Structures are given as C-alpha cells and as structure tokens.
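Undergrad: Questions regarding the structure given below will be posed in turn.
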Amino acid sequence: MKTETKVTSKGTTTIPEDLRKLAGITEGCVLTWEFRDRGVFARPKSEAPNAMQKHIRARAAAWKGNISGVKLLKRVRS
C-alpha cells in the first residue's frame, strides 16, 4: 500500500486513516520512531495503553468501592 502526505514547516504530517487502522494507531497513541534502511518507521509504543485500557482506567473508580481496573476485570471475568 502506498500513499502520500505532505510534511508541514513544523515537521508534522497526517497518517492516513487506513494505515492508522492497520497499525493499531488510535487517538493519544504514543509512537516510537526509528530510522533504518534509508527510511523513517513509526510504530505504536508497546507500553502505551490501547483504547480499551484507557476506557477502563478512566472509569475504574466510578464503581462502588473505588476499585482498581485490575480488580474490576477480575470481578467481571469471574
């Protein structure tokens, strides 16, 4: 798959939607950049939480008892 984008004077560009979906890049995702084989490569940082993890962490304390996301998942999966 080939696509083109333009780099702005500030060094920013837009990652095309189809490529973001294929790579699992979502809003707020942290990217790791690397230069190799005469090209620039980016991938989602493995430690960065995905959309579901962000959702759970943001709402974990909203349940009675102020439990953590980990405890909540254990309860739900039991």
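The values are calculated or read from the model by the stated rules, or taken from the named source; none is laboratory data. Values in this document were obtained by computation on a predicted structure and should not be read as measured data. Heads up: the accessible areas ignore ligands, DNA and RNA and are worked out on the full protein's heavy atoms, side chains in. Shrake-Rupley method; radii C 1.70, N 1.55, O 1.52, S 1.80 Å.
Undergrad: For region 28-78, which positions are of a type outside the set (A, V, I, L, M, F, W, C), within 20 Å of the chain's Cα centre (by Cα), open to solvent by less than 100 Å² (accessible area, probe 1.4 Å) and at pLDDT below 80? First the steps, then the outcome.
TA: Going residue by residue through region 28-78, those that are of a type outside the set (A, V, I, L, M, F, W, C) are 28, 32, 34, 36-39, 43-47, 49-50, 53-55, 57, 59, 64-66, 68-69, 71, 74-75, 77-78.
Keeping just the survivors that are within 20 Å of the chain's Cα centre (by Cα) gives 28, 32, 34, 43-47, 49-50, 53-55, 57, 59, 69.
Next, from what is left, pick out any that are open to solvent by less than 100 Å² (accessible area, probe 1.4 Å): 28, 32, 34, 44-45, 49-50, 53-55, 69.
PRO49, ASN50, GLN53, LYS54, GLY69 - these are the residues of region 28-78 that are of a type outside the set (A, V, I, L, M, F, W, C), within 20 Å of the chain's Cα centre (by Cα), open to solvent by less than 100 Å² (accessible area, probe 1.4 Å) and at pLDDT below 80.
Undergrad: For residues that are under 14 Å from the mean Cα position of the chain (by Cα) and open to solvent by 100 Å² or more (accessible area, probe 1.4 Å), tally how many sit in region 1-27. Let's see the steps before the verdict.
TA: Of all residues in region 1-27, those under 14 Å from the mean Cα position of the chain (by Cα) come to 15, 17, 19-27.
Filter again for open to solvent by 100 Å² or more (accessible area, probe 1.4 Å), leaving 17, 21-22, 27.
Selection size over region 1-27: 4.
Undergrad: Restricting attention to region 1-42, which residues are in a strand (DSSP E or B), under 23 Å from GLN53 (Cα atoms) and small (Gly, Ala, Ser)?
TA: Kept after step one, since they are in a strand (DSSP E or B), are these residues of region 1-42: 31-36, 39-42.
Okay, now just the ones that are also under 23 Å from GLN53 (Cα atoms), so 31-33, 42.
Residue satisfying the conditions is ALA42 alone.
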